[in-house]
Amino acid sequence: MIRKKTVRDIDLTGKTVIMRVDFNVPLDKEGNITDDTRIRAALPTIKYVLEKNTKLILMSHLGRPKGQVKEELRMAPVGRRLSELLGKEVIVCKDSIGEEVKKIISGMQTGDVVLLENLRFHKEEEANDPEFAKELASYADVFVNDAFGTAHRAHASTEGIAHYLPAVAGFLMEKEIDFLGRLLYQPAKPYIAIIGGAKVSTKIGVLEKLLEKVDSLLIGGGMSYTFLKAKGFEVGNSLVETEKINMAFELIKKADEKGVNLMFPVDHVVADKVDESAKTKVVETNAMPKDMIGVDIGPKTVRQYKKEIKRASTIFWNGPMGVFEIDKFAKGTFQIAKAMASAKGTTVVGGGDSVAAVNKVGVADKIDHVSTGGGASLEFLEGKELPGIKVLEDA
Ligand code: ADP
Ligand code: MG
């Protein structure tokens, strides 16, 4: 297991704390926050740190400004929302480094909260520039990382800074390490993984690793068609990554060698186009029409997969079972979400779209762990050491 020090394991009293949070919230065209889940998720660590009579500096990126100041990606609206949620003033800086920031920080009183400007307005952030990291570190006595979603990137605010300050995890980061670490190192058996989404190419690493750990691997979504093609089935106009057919074949072989129960959809919703107005029907895997597209798993597959979910002690799900953005093709994904919610085993969901699906069904609070990191959770489960976690102090 990976064990890292957290805010509980370090003396914070009277200190100035700089904390990397994930305030990368979705914004509408007018710059309003459409979903403040990420801000609310950071509150427990923020409140805990403030209870220790500290001064707290928060920092995050927002969107993809690529090293330039983008007015529409300023942190001001995030600061306002945070202030409402905390019920106290949040001082928002117009930059993340520089004289103005230094002045604000040197004027901080105990209990004050400062939010730095969007870190990615400086290209040095993503370049993990040591001088930039050192400057951020110079503002505080302790570094807290509570942004799991960017932990797989070695940036100045996630990795670089930790070389200059005592570095510990926040509660969100702790929960991610705890749940994902258990999946990787000591999952309660039977352990099943349900993997879907668009492309197999983005998930080969995690599929390979999962084959070493799981009892059953249930495949769905667009990636099933590359596998079914490898198995010799007609898949019509479904999404197939021709250059990955060999890889899919190798994965099937590996599952066989490892004695993993590798399951594919036995039926499908097929459509003449990927659109709400499409003509659809349900067909079995050996009867896919040449001129149609597989857009969802069928009812028989749902029943089989539900049965597996029911008998498992650990269930990891990443990747929707169909084009769930279109209501007509969302049934399979939503059924799996519901089955996860009522499962008796430990349930973990990771991945941007899978988490969106769970939220859409309204069952997120019935899942044991909804990971806040898409790419980060997959890299973690691949067994890769995430740079933002590696640099935190070992417990
Ligand atoms: P996550 O973000 O949870 O890791 P992915 O990004 O890998 O998931 O995949 C999500 C995307 O996969 C969704 O946009 C969905 O529409 C698409 N998808 C799922 N099933 C299919 C399919 N049968 N054909 C094409 N695209 C699909
Ligand atoms: Mg996605």
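The values are calculated or read from the model by the stated rules, or taken from the named source; none is laboratory data. In this text, all values refer to a predicted model and were calculated from it rather than measured experimentally. Counting neighbours? That spans all protein chains shown, and the Cβs are built from the backbone with ideal geometry, glycine included.
Selection over region 235-264 of residues that are more than 16 Å from ligand 2 (Cβ to nearest atom), assigned to a loop (DSSP other than H, G, I, E, B), under 22 Å from TRP317 (Cβ atoms) and of a type in the set (A, V, I, L, M) gives a count of 1.
This table checks each residue for (1) crowded, with 20+ Cβ neighbours inside 10 Å; (2) within 16 Å of ligand 2 (Cβ to nearest atom); (3) touching a residue at least 60 places away in the same chain (Cβ under 8 Å).
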site	(1), (2), (3)
LYS307	no, no, no
LYS328	no, no, no
GLN335	yes, no, no
LYS338	no, no, no
THR372	yes, yes, yes
ILE389	yes, no, yes
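Just one of the listed residues (ILE39, ILE18) is over 22 Å from the mean Cα position of the chain (by Cα), surrounded by 18 or more Cβ atoms within 10 Å (Cβ to Cβ), in contact (Cβ under 8 Å) with a residue 24 or more places away in the chain and within 14 Å of ALA147 (Cβ to Cβ), and it is ILE18. Of the residues making up region 94-123, those that are surrounded by 20 or more Cβ atoms within 10 Å (Cβ to Cβ) and in contact with a Gly (Cβ under 8 Å, 6 or more places away or on another chain) are LEU115, ASN118, ARG120, PHE121, HIS122.
Taking the conditions exactly as written (of a type outside the set (Phe, Trp, Tyr), buried (at least 22 other Cβ atoms within 10 Å of the Cβ) and within 16 Å of ligand 2 (Cβ to nearest atom)), does GLY319 satisfy them or not? In short, yes. Counting only residues that are outside any helix (DSSP H, G or I) and surrounded by fewer than 20 Cβ atoms within 10 Å (Cβ to Cβ), region 280-305 holds 8 of them. For first residues located in region 48-71 and within 30 Å of ASP9 (Cβ to Cβ), partners that are acidic (Asp, Glu) and lie 6+ apart or on another chain with Cβ distances below 8 Å form the pairs LYS55/ASP112; LEU56/ASP112; SER60/ASP22; HIS61/GLU125.
The strands (runs of 3 or more DSSP E) found wholly in region 136-199 and carrying at least 1 residues that are out of contact with any Ser or Thr (no Cβ under 6 Å at 6 or more places or on another chain) and under 22 Å from VAL348 (Cα atoms) occupy 142-145, 191-195.
Filtering ILE192, ILE219, ILE204 for residues that are in contact (Cβ under 8 Å) with a residue 60 or more places away in the chain and β-branched (Val, Ile, Thr) leaves a single hit, ILE192. Only one residue in ILE2, ILE18 is assigned to a strand (DSSP E or B) and either touching a helix residue (DSSP H, G or I) at 6+ places or on another chain (Cβ under 7 Å) or of a type outside the set (A, V, I, L, M, F, W, C) (or both), so which one is that? Every option except ILE18 fails the conditions.
Scanning region 350-370 for residues that are of a type outside the set (D, E, K, R), within 16 Å of ligand 2 (Cβ to nearest atom) and more than 17 Å from ASP22 (Cβ to Cβ) returns SER354, ALA357, VAL358.
Rundown of residues vs (1) closer than 30 Å to LYS306 by Cβ; (2) buried (at least 22 other Cβ atoms within 10 Å of the Cβ); (3) hydrophobic (A, V, I, L, M, F, W, C); (4) at pLDDT below 95, yes/no style:
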| residue | (1), (2), (3), (4) |
| --- | --- |
| ASN128 | no, no, no, no |
| ALA147 | no, yes, yes, no |
| ILE161 | no, yes, yes, no |
| ALA167 | no, yes, yes, no |
| MET173 | no, yes, yes, no |
| GLY196 | yes, yes, no, no |
| THR202 | yes, no, no, yes |
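Picking from residues in region 316-373 that are of a type in the set (Phe, Trp, Tyr) and part of a helix (DSSP H, G or I), the one that is farthest from ligand 1 (Cβ to nearest atom) is PHE334.
Taken together, the residues in region 25-71 that are under 24 Å from ALA356 (Cα atoms) and hydrophobic (A, V, I, L, M, F, W, C) amount to 8. Taken together, GLY222, GLY232 contain a single residue that is assigned to a loop (DSSP other than H, G, I, E, B) and on the phi > 0 side of the Ramachandran plot, which is GLY232.
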